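Colleague: This structure is in structure tokens; I'll ask about it shortly.
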Amino acid sequence: QVQLVEFGGGSVQAGGSLRLSCAASGRTFSTYAMGWFRQAPGKEREFLAGINWSGGLTSYSDSVKGRFTIPRDNAKNTVSLQMNSLTLEDTAVYYCAAGGSWNHGRARDYNYWGQGTQVTVSS
């Protein structure tokens, strides 16, 4: 089992950057694929990025490809989401998740979720 806590959210102007981090408890973190999702008001939870257990394989949704990256550090039990060139449409609550498929992006496949962190992009 793993517990996840996200931090690093906040407000940023359009065109800016923000880095989210997700800290995991438990000794099995390095065995899990990890993912980042977001959910805006009135919308479904959206897959953004996934990374396999070793960090050697990643996948991104079309909406963030080329702007976001998902590094992980198994020695520190962390996975991050580096977000660049942010737009108003990136405003949402962001979640990290563990245990799913790093490249299929189905929320229902992920077993463990953080509580979410708000990201607000303003003009």
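Colleague: Please identify the pairs in which a residue from segment 46-68 that is in contact (Cβ under 8 Å) with a residue 60 or more places away in the chain has its Cβ atom under 9 Å from the Cβ atom of a residue that is surrounded by fewer than 16 Cβ atoms within 10 Å (Cβ to Cβ), counting only partners at least 6 apart or on another chain.
Modeller: 47/104; 47/106
Colleague: Can you name every residue in segment 20-69 that is crowded, with 17+ Cβ neighbours inside 10 Å, touching a Leu at 6+ places or on another chain (Cβ under 6 Å) and assigned to a loop (DSSP other than H, G, I, E, B)?
Modeller: 64
Colleague: Provide a single number: the residues in segment 70-91 that are of a type outside the set (D, E, K, R) and assigned to a loop (DSSP other than H, G, I, E, B).
Modeller: So the first thing to find is which residues in segment 70-91 are of a type outside the set (D, E, K, R), and the list is 70-71, 74-75, 77-88, 91.
Those still in the list that are assigned to a loop (DSSP other than H, G, I, E, B) too: 70-71, 74-75, 77, 84-87, 91.
So the count comes out to 10.
Colleague: Can you name the residue in segment 81-123 that is over 16 Å from residue 20 (Cβ atoms) and open to solvent by less than 40 Å² (accessible area, probe 1.4 Å) and, of all such residues, is modelled with the highest pLDDT?
Modeller: So, considering only residues that are over 16 Å from residue 20 (Cβ atoms) and open to solvent by less than 40 Å² (accessible area, probe 1.4 Å), the one modelled with the highest pLDDT is 110.
Colleague: Right, here's the next one. Take the residues in segment 10-19 that are of a type outside the set (Ser, Thr, Tyr) and surrounded by fewer than 17 Cβ atoms within 10 Å (Cβ to Cβ), then tell me which one is nearest to residue 82 (Cα to Cα). Walk me through it before giving the result.
Modeller: Of all residues in segment 10-19, those of a type outside the set (Ser, Thr, Tyr) come to 10, 12-16, 18-19.
Keeping just the survivors that are surrounded by fewer than 17 Cβ atoms within 10 Å (Cβ to Cβ) gives 10, 13-16, 19.
On the way: 10: 13, 13: 15, 14: 15, 15: 13, 16: 11, 19: 4 Å.
If we take residues in segment 10-19 being of a type outside the set (Ser, Thr, Tyr) and surrounded by fewer than 17 Cβ atoms within 10 Å (Cβ to Cβ), then 19 is nearest to residue 82 (Cα to Cα).
The values are calculated or read from the model by the stated rules, or taken from the named source; none is laboratory data. Quantities reported herein were computed from a predicted structural model and do not represent experimental measurements. Note: ideal-geometry Cβ built from the backbone for every residue, glycine included; neighbour counts use all protein chains shown. Just so you know, the surface numbers come from the protein's heavy atoms only, side chains and all, with ligands and any DNA or RNA stripped out. Shrake-Rupley method; radii C 1.70, N 1.55, O 1.52, S 1.80 Å.
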